[in-house]
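Here, each number is a calculation from the coordinates, and none is a lab measurement. Here the structure is a predicted model, which means the values were calculated and not measured. Using ideal geometry, Cβ is built from the backbone for each residue, glycine included, and neighbour counts are taken over all protein chains shown.
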Amino acid sequence: MTSNLTLERRGQQNKTVQLGGLMMTPPIDEDYWAYRVKLTDRQAIVGFPKFGTIGIGFAVEDDWNTNLPYSVETEQIFRHIAHNKGDDSISDEDVKTAIKMVQEAIREDKE
């Protein structure tokens with residue numbers, strides 16, 4: 001059963017480092033997001049500017065920088081980031097729903 005999930009939006013400057021033609025990962029942490037759906041007090045799905053697109057991943061990760069572009073299928077993003085969930089009380093369905101919510105918001109904002 002899906003919890004009552006809420007999408008948050010905020011302006012987030014793109015902090016991707018660009019050196020000539022080389023792009024480097026921005027300093028990603030739980031405070032770097034443009035889209036967020038909180039799953040618990042300590043965990044959320046976030047969407048953030050990265051490499052000219054929006055990446056989606058968990059706000060708090062066991063291994064840093066595990067995310068995929070929003071344009072990737074929801075199930076593929078879920079499988080790629082699931083090991084960072086960090087809390088067995090968070091249902092897989094809630095994670096997938098949160099990913100979809102962020103994807104839909106990004107698509108709306110790009111129209």
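Structure above, values below:
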{"quantity": "106, 77, 56 arranged by Cβ crowding within 10 Å, fewest neighbours leading", "calculated": "106, 77, 56"}
{"quantity": "Value at 222 nm in deg cm²/dmol, rounded to 500, when DSSP H runs of n ≥ 4 in the chain each add -39,500 (n - 2.57)", "calculated": "-8000 deg cm²/dmol"}
{"quantity": "Fraction in percent of alpha-carbon pairs per bin - 5 Å, the chain", "calculated": "2, 13, 25, 26, 20, 9, 4, 1, 1, 0"}
{"quantity": "Extension gain (nm, one decimal) between residue 88 and residue 111, 0.36 nm per residue minus Cα-Cα", "calculated": "4.7 nm"}
{"quantity": "Long-range amide H partners of residue 53 with built H, under 5 Å", "calculated": "none"}
{"quantity": "Cleavage-rule hits, GluC sites (Glu not before Pro), the stretch 1-72, DSSP coil, Cβ neighbours within 10 Å at most 15", "calculated": "30"}
{"quantity": "Calculated from backbone phi, Karplus (6.51, -1.76, 1.60) coupling profile of the stretch 98-111 in Hz, x at Gly/Pro", "calculated": "5, 4, 4, 4, 5, 4, 5, 5, 5, 4, 4, 5, 7, 6"}
{"quantity": "Segment residue 8-residue 51, extension gain: residue separation times 0.36 nm, minus the distance between their alpha carbons", "calculated": "13.3 nm"}
{"quantity": "Mean separation of Cα contacts under 8 Å (6+ apart) over length of the chain, as relative contact order %", "calculated": "25 percent"}
{"quantity": "Nearby lysines by direct alpha-carbon distance to residue 110 (threshold 20 angstrom, same-chain neighbours under 8 apart not counted)", "calculated": "15, 50, 100"}
{"quantity": "³J(HN,Hα) computed for each position of the stretch 73-88 - Karplus, 6.51 cos²θ - 1.76 cosθ + 1.60, integer Hz, glycine/proline x", "calculated": "4, 3, 4, 5, 4, 4, 4, 6, 9, 3, 5, 8, 3, x, 8, 5"}
